[in-house]
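Everything on this sheet refers to the single structure shown next.
The values are calculated or read from the model by the stated rules, or taken from the named source; none is laboratory data. These numbers were taken from a predicted model, which means no experiment stands behind them. Reconstructed Cβ throughout: ideal geometry from the backbone, glycine too, with neighbour counts over all protein chains shown. Note: areas computed on protein heavy atoms with side chains; ligands, DNA, RNA excluded. Shrake-Rupley method; radii C 1.70, N 1.55, O 1.52, S 1.80 Å.
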Amino acid sequence: MIHLNGEFMPIEQAKISVLDRGFIFGDGVYEVIPVYSRRPFRLEEHLARLQASLDAIRLANPHPLAKWTELVEKIISGNPWEDQTVYLQVTRGAAKRDHAFPKGLKPTVFLMASELVTPSADLVENGAKAIVLPDFRWLRCDIKSTSLLGNCMLRTLAADQGCVEAILVRDGELTEASASNVFIVKNGTVLAPPKSQLILPGITYDVVLEILRANALPHEVRPVAESELRSADEIWVTSSSREVLAITMLDAKPVGTGKDAGKPGPVCKRVYALYQQYKARVMRAPAHA
Ligand SMILES: Cc1ncc(COP(=O)(O)O)c(C=O)c1O
């Protein structure tokens with residue numbers, strides 16, 4: 001079951017105008033919210049990021065927080081899985097094709113859910129492959145825009161080489177990956193690029209930084225040079241569906257040195273375990289706990 005503009009229906013029945021600016025221009029923003037045991041994870045934070053994306057493209061939020069919460073809850077209960085991914089999207093609506101944002105359109109609001117698929121036990125245990133590519137996307141990657149052609153092209157170049165991710169560099173610095181944020185470990189210190197207009201402010205990125213702080217694990221949020229990425233002891237990507245996933249091969253070379261080369265490193269394993277514990281504590285505990 002999906003939601004479109006105030007109505008719930010099977011996805012086959014959902015229809016939008018071909019003049020919808022989401023279809024014509026990619027003029028819209030979206031969120032992807034993981035759901036564990038039928039509870040949305042960090043819903044407030046996802047809805048705050050939605051508001052920031054809407055503000056950045058001058059699109060009025062069609063719903064107050066309480067209404068969004070209700071829609072998300074209805075989508076969760078209308079679908080069969082205990083663990084889900086809720087996708088929600090707002091586009092500017094239908095209008096005669098003209099680039100400048102028209103005023104007063106009725107936005108298109110769409111929500112759907114699918115089963116949450118997290119990395120397989122094999123990927124968690126052995127890590128994944130990635131390649132490094134130049135970040136040729138636009139300069140407002142902080143907006144969670146549905147215009148994802150650059151990300152799709154980059155992810156496809158990675159997939160062509162049997163890799164799960166393209167890790168991106170711009171002007172000699174690490175930005176993020178095509179659909180995740182990136183952390184590296186160098187000499188026991190976790191390094192993460194700071195939030196800026198060049199990366200998406202990931203909800204999982206925030207959770208990981210909270211975990212690092214709470215457990216007094218050495219970390220620095222600062223620009224990360226491409227050379228540091230390429231000589232990292234560990235590399236991980238984070239996202240709502242990937243959680244904390246080790247990258248163990250970069251450009252066909254093992255990541256790290258010594259006995260952990262080409263395997264998930266000790267800091268990644270620790271943070272992965274802490275992330276799972278956090279999820280279990282916050283999400284799977286009985287509602288009254
Ligand atoms: C480009 C990009 N960066 C980072 C992320 C991670 O964001 P989150 O942790 O909120 O899923 C995503 C998520 O899909 C993404 O598409």
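Any residue at all in the stretch 141-148 that is away from the ligand (no atom under 14 Å from the Cβ), over 23 Å from Leu250 (Cα atoms) and touching a strand residue (DSSP E or B) at 6+ places or on another chain (Cβ under 8 Å)? Checked the stretch 141-148: no residue is away from the ligand (no atom under 14 Å from the Cβ), over 23 Å from Leu250 (Cα atoms) and touching a strand residue (DSSP E or B) at 6+ places or on another chain (Cβ under 8 Å).
Within the stretch 232-245, the residues that satisfy the criterion of being in contact with a Cys (Cβ under 8 Å, 6 or more places away or on another chain) and within 16 Å of the ligand (Cβ to nearest atom) are Trp236, Val244. Scanning the stretch 123-143 for residues that are open to solvent by less than 70 Å² (accessible area, probe 1.4 Å) and touching a Pro at 6+ places or on another chain (Cβ under 9 Å) returns Val124, Gly127, Ala128, Asp142.
Could you list, in sequence order, all residues of the stretch 24-49 that are in contact (Cβ under 8 Å) with a residue 60 or more places away in the chain, hydrophobic (A, V, I, L, M, F, W, C) and open to solvent by 10 Å² or more (accessible area, probe 1.4 Å)? Write out each step before concluding.
Let us first name the residues in the stretch 24-49 that are in contact (Cβ under 8 Å) with a residue 60 or more places away in the chain, namely 24-37, 39, 41-42, 45-46, 49.
Now drop any that are not hydrophobic (A, V, I, L, M, F, W, C), which leaves 24-25, 29, 32-33, 35, 41.
The answer is Ile24, Phe25, Val32.
Could you grab me the full set of residues in the stretch 71-126 that are within 19 Å of Ile11 (Cβ to Cβ), β-branched (Val, Ile, Thr) and in a loop (DSSP other than H, G, I, E, B)? Val117, the sole residue that qualifies.
Inside the stretch 164-216, residues that are touching a strand residue (DSSP E or B) at 6+ places or on another chain (Cβ under 8 Å), near the ligand (Cβ under 8 Å from one of its atoms) and not β-branched (Val, Ile, Thr) make up a count of 9.
Condition test on Val267, is it open to solvent by less than 40 Å² (accessible area, probe 1.4 Å) and part of a helix (DSSP H, G or I)?
On the way: open to solvent by less than 40 Å² (accessible area, probe 1.4 Å): yes; part of a helix (DSSP H, G or I): yes.
Considered against the rule, which asks whether it is open to solvent by less than 40 Å² (accessible area, probe 1.4 Å) and part of a helix (DSSP H, G or I), Val267 comes out as yes.
Looking at the stretch 8-26 only, could you name the residues that are under 12 Å from Lys74 (Cα atoms) and touching a helix residue (DSSP H, G or I) at 6+ places or on another chain (Cβ under 9 Å)?
Hit for the stretch 8-26 is Phe8, nothing else.
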